[in-house]
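The next block holds one structure in the form of structure tokens; read it before the comments.
Please treat every number below as a calculation from the coordinates, not as lab data. For clarity, every value in this text was computed on a predicted model and none was experimentally measured. Because the Cβ atoms are built from the backbone with ideal geometry, glycine has one as well, and the counts that use them run over all protein chains shown.
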Amino acid sequence: MSNAFPKAPAGIPYITTEQMREVDRAMIDDYNITLLQMMENAGRNLAEVAIHTVLADKPDGKRAIIAAGPGGNGGGALVAARHLHNRGCRVEVLLAADESKLTDAVRHLLGIVRSIGVSIANNPVDLPISGDVIIDGLFGYSLQGNPREPAASVIRQINESETPVISNDIPSGIDATSGEVYDPAVKATATVTIALPKTGLRSSGASRLIGDLYLGDISVPAELYARFLGMSVSALFSEGPVLEIPNSSG
């Protein structure tokens, strides 16, 4: 794929699920950065990667399928749905969860995409999945164990569709810390990991599923990493909010 994003600097640290949970907690509790703000940044980055890679900078009229779960990963995907719609894509949301199980933030974002006329399928298991790009926002770093229905069937349909897939943070079905590949797991064309890359992305099993790897800025203050994780992280995003990073196993 063509690449419009600057290279990430060498030596970026990788973090575990537990560490990412602490980042999220500190963002909200200590820096007053809301979940909606983080999801907005993540979703915008997803849309930009989709537009500048698989859509070849020509989003107008292209069909984008948004596979969204009930949590934060799904929230970022719903933000991407809005941005892609605003750029001229024909967008359809496949909601792989009952609306009653959505978090408040995700329900808010779903209401936005519904209000602008985006199609929402609440029971996507039997729907054919095909288009120009799929945004995978089914599961994020909290997944432990094999994906359950209806998301499991959606993952299988995604993989069978042969449509390019952009995954939010980590392909759905992969353990973010260990890199264990559950059954089923999304095979992505590209992954836009957020804040810092997750340790599981370096495993040999995950490496073959993540595709091209990017790092997206969700506005984590560099001071947060030093204060709460004991890490020295420089201003990673001085050249832009999305960086290309190596997809390496090990």
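The residues LEU236, LEU213, LEU109, when put in order of fewest to most other Cβ atoms within 10 Å, stand as LEU236, LEU213, LEU109. Largest GNM mean-square fluctuation across ASP30, ASP175, ASP183, computed for the chain with C-alpha springs under 10 Å, falls on ASP30.
You can think of it this way: the chain between ASP104 and SER153 has 15.1 nm of extra reach, that is 0.36 nm per residue less the Cα-Cα gap. Note on the stretch 17-245: with charges restricted to the Cβ of Lys and Arg (+1) and Asp and Glu (-1), its dipole about the Cα centre is near 300 debye.
Amide H to amide H, with H built 1.01 Å from N, THR16 comes under 5 Å of THR199, counting only residues 5 or more places away or on other chains. Relative to the compact-globule estimate of 2.2 N^0.38 Å, the Cα radius of gyration of the stretch 1-83 comes out at 1.27. Amide H to amide H distances under 5 Å link ARG90 with GLY61, LYS62, ARG63, ALA64, where only residues 5 or more positions off or on other chains count and H is placed in the peptide plane. If the segment from SER161 to ALA121 were pulled out straight at 0.36 nm per residue, it would be longer than the present Cα-Cα gap by 12.7 nm. Put in line by how crowded their Cβ is, counting other Cβ atoms within 10 Å and starting with the fewest, PHE237, PHE5, PHE228, PHE139 read PHE228, PHE237, PHE5, PHE139.
Fully extended, how many nm does the chain gain between THR16 and SER204 (0.36 nm per residue separation, minus their Cα-Cα distance)? Numbers along the way, then the final one.
On the way: separation 188, 0.36 × 188 = 67.68 nm, distance 1.64 nm.
Extra length available between THR16 and SER204 comes to 66.0 nm.
Taking a ≥ b ≥ c as the square roots of the eigenvalues of the Cα gyration tensor, an a/c ratio of 1.5 or more together with a/b no larger than b/c marks the stretch 25-154 as oblate. Checking the cross-link pairs LYS7/LYS101; LYS7/LYS58; LYS7/LYS187; LYS62/LYS101 against a 27 Å limit on the alpha carbon distance flags LYS7/LYS101; LYS62/LYS101 as lying beyond it. A P(r) calculated from all alpha carbon pairs of the stretch 17-245, with 5 Å bins opening at zero, reads 1, 8, 16, 21, 22, 17, 10, 5, 1, 0 percent. The phi-based Karplus calculation (6.51 cos²θ - 1.76 cosθ + 1.60; θ = phi - 60°) puts the 3J(HN,Hα) values of the stretch 54-71 at 5, 8, 6, 6, 10, x, 4, x, 6, 9, 10, 9, 10, 9, 10, x, x, x Hz, whole numbers, x for Gly and Pro. For HIS85, HIS108, the sequence from fewest to most other C-beta atoms within 10 Å is HIS108, HIS85. Backbone amide hydrogens, once placed in the peptide plane, bring ILE134 within less than 5 Å of ILE65, VAL165, ILE166, excluding anything fewer than 5 places away on its chain. In loop segments of the stretch 148-190 as defined by DSSP, the trypsin sites (Lys or Arg not before Pro) with at most 15 further C-beta atoms inside 10 Å of their C-beta are ARG148.
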